[in-house]
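S.K.: Please read through the structure below; I'll follow up with questions.
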Ligand code: NAI
């Protein structure tokens, strides 16, 4: 027992020293928002982050001053929309997270946010393509199914698109799917890791319970799938006009950033479902798709296939692919019309 503890402590020390050896600047664009603030806080607590760069159109220096008092090693800087603000925020970044944009109000779908968030994301993606073209770009701003393709088009137009470095963050769907099954089965949610594929909106979110050995049926299965697909609505409704998921999203975004940092610092076998440029359904007009993705020093290391699924999951997947094709082409059409 003691020996085991000692080995664990040594491996922890090794992890820590490996993490502090490498400089990892992480930038948050939209850092003063409902997601941005707790996300920045969690990143400040991550020893793998050596510099935390916070940008927003309002309040970023204040958030940076506040978080900067926390006694962990990373340096924190705040940046405003001055002539050089975005450039300074982005230069040298290894990871850029974008939670900038407006959230939903009750009754809204993620697609209702399209017009406002599409232009915000276009502006920020353009700055990333100019000042941090090699960073891993993590898109949180909704509708993710359309904002990710918009980013890809911006990067292509600038001649710097690297499909291995662009990620739509769908981690919250995995977090919810894992939490919700644990509530049904009475298991420890921390030990659950339900694979969720497709996209990040309603019917495009497809949880694959069967791959974790679960087989709910009938109403129980329908209710579970609905809750995973529309879990965000529970939060929007409960917040009653004051926004959507922020704290659970911050946790999910920080988890995904941590996975990328682990992978870039040499850890093998780091796998997260994420919405990436994927070959799996290109023949059905879907250029981006979330499945399990192995991460590595170059970003996407290996895109896993969907794998074995049930007939019910296949039906969900067919609906998903049809919706996704529309969401993706909406983003591409928009950026072509509004370059
Ligand atoms: P919020 O309104 O609280 O914060 C957004 C922040 O973005 C604000 O501080 C605002 O000043 C900033 N901002 C706006 N335009 C900007 C620009 N051009 N440059 C830099 N910053 C800018 O919204 P919240 O709740 O933080 O949500 C942000 C986005 O995340 C929304 O689009 C929401 O739908 C999405 N979201 C995504 C989830 C996911 O799973 N991917 C889950 C939950 C929300």
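S.K.: Neighbour counts of other C-beta atoms within 10 Å: give me 70, 150 arranged from fewest to most.
M.R.: Details: 70 12, 150 26.
Listing 70, 150 from fewest to most nearby Cβ atoms yields 70, 150.
S.K.: Could you tell me the relative contact order of segment 136-251? Use alpha-carbon pairs under 8 Å, at least six residues apart, and round to a whole percent.
M.R.: Working: 125 pairs, mean separation 23.2, N = 116.
Normalised by residue count, the contact order of segment 136-251 is 20 percent.
S.K.: Just to verify a number: FRET efficiency for residue 210 and residue 84, C-beta to C-beta distance, R0 = 35 Å, to 0.05?
M.R.: For R0 = 35 Å, the calculated efficiency reads 0.10.
S.K.: Something else about it: Find how much the distance from residue 302 to residue 134 grows on full extension, using 0.36 nm per residue of separation minus their present alpha carbon separation; answer in nm with one decimal.
M.R.: Values: separation 168, 0.36 × 168 = 60.48 nm, distance 1.84 nm.
Value of the extension gain: 58.6 nm.
S.K.: GNM on the chain, C-alpha springs below 10 Å: top fluctuator among 146, 264, 201?
M.R.: Taking springs between Cα atoms under 10 Å, the residue moving most is 264.
S.K.: Take every DSSP beta bridge whose two residues both sit in the chain, then give the antiparallel share in percent to the nearest 5.
M.R.: Roughly 45 percent of the beta bridges in the chain run antiparallel, per DSSP.
S.K.: Here's something else I'd like to know. Rounded to the nearest 0.05, what FRET efficiency is calculated for residue 157 and residue 69 with R0 set to 25 Å and r the Cβ-Cβ distance?
M.R.: 0.05
S.K.: For segment 103-127 and segment 236-269, write down the distance between their C-alpha centroids in whole Å.
M.R.: After rounding, the separation between the Cα centres reads 18 Å.
S.K.: Also, quick follow-up: Given contacts defined as C-alpha pairs under 8 Å and at least six residues apart, what's the relative contact order of the chain, whole-number percent?
M.R.: Relative contact order for the chain comes out at 16 percent.
S.K.: With a 10 Å Cβ neighbour count serving as the proxy for reagent exposure, in which order, fewest first, do 239, 87 appear?
M.R.: On the way: 239 17, 87 14.
Least to most surrounded, the residues fall as 87, 239.
S.K.: For a bin width of 5 Å, list the pair-distance distribution of segment 129-210 built from all Cα-Cα distances, rounded to whole %.
M.R.: 3, 15, 20, 17, 14, 12, 9, 6, 3, 1, 0
S.K.: If you don't mind, another one. Before rounding to the nearest 500, sum -39500 (n - 2.57) across all DSSP H runs of length at least 4 in the chain and divide by the residue total; then give [θ] at 222 nm in deg cm²/dmol. Working shown, then result.
M.R.: Numbers: 10 runs with 157 residues, N = 339.
It comes out at -15500 deg cm²/dmol, rounded to the nearest 500.
S.K.: So how far, in whole Å, is the C-alpha centre of segment 145-179 from the one of segment 280-329?
M.R.: Measuring centre to centre over Cα atoms gives 13 Å.
S.K.: Quick one: plug the Kirkwood hydrodynamic radius of segment 66-143 (C-alpha pairs) into Stokes-Einstein at 10 °C, 1.306 mPa s, and report D in µm²/s.
M.R.: Details: Rh = 14.1 Å.
D, rounded to a whole number, is 112 µm²/s.
S.K.: Springs between alpha-carbon pairs under 10 angstrom, Gaussian network model over the chain: which of 91, 171, 291 fluctuates most?
M.R.: 91
S.K.: Now for a separate question. If we count other beta carbons within 10 Å of each Cβ, what is the order of 79, 200, 312, fewest first?
M.R.: Starting with the residue having the fewest Cβ neighbours, the order is 312, 79, 200.
S.K.: Another question, if that's okay. Say we join alpha carbon atoms closer than 10 Å with springs in a Gaussian network model of the chain; which of 272, 234, 134 then has the biggest fluctuation?
M.R.: Comparing 272, 234, 134 in a Gaussian network model of the chain, the most mobile one is 234.
S.K.: Taking the Cα atoms of the chain, what is the range of coordinates along each of the three principal axes, in descending order and whole Å?
M.R.: If we take the Cα atoms of the chain, the spans are 64, 53, 40 Å.
S.K.: Taking square-rooted eigenvalues a ≥ b ≥ c of the alpha carbon gyration tensor, is segment 188-339 rounded, prolate or oblate, where a/c under 1.5 means rounded and, failing that, a/b exceeding b/c means prolate?
M.R.: Working: a/c = 1.15, a/b = 1.06, b/c = 1.08.
In terms of gyration-tensor shape, rounded.
All of the numbers you see were taken from the coordinates with simple rules; none came from a lab. The shown structure was predicted, so the numbers you read here are calculated from the model rather than taken from an experiment. Note: ideal-geometry Cβ built from the backbone for every residue, glycine included; neighbour counts use all protein chains shown.
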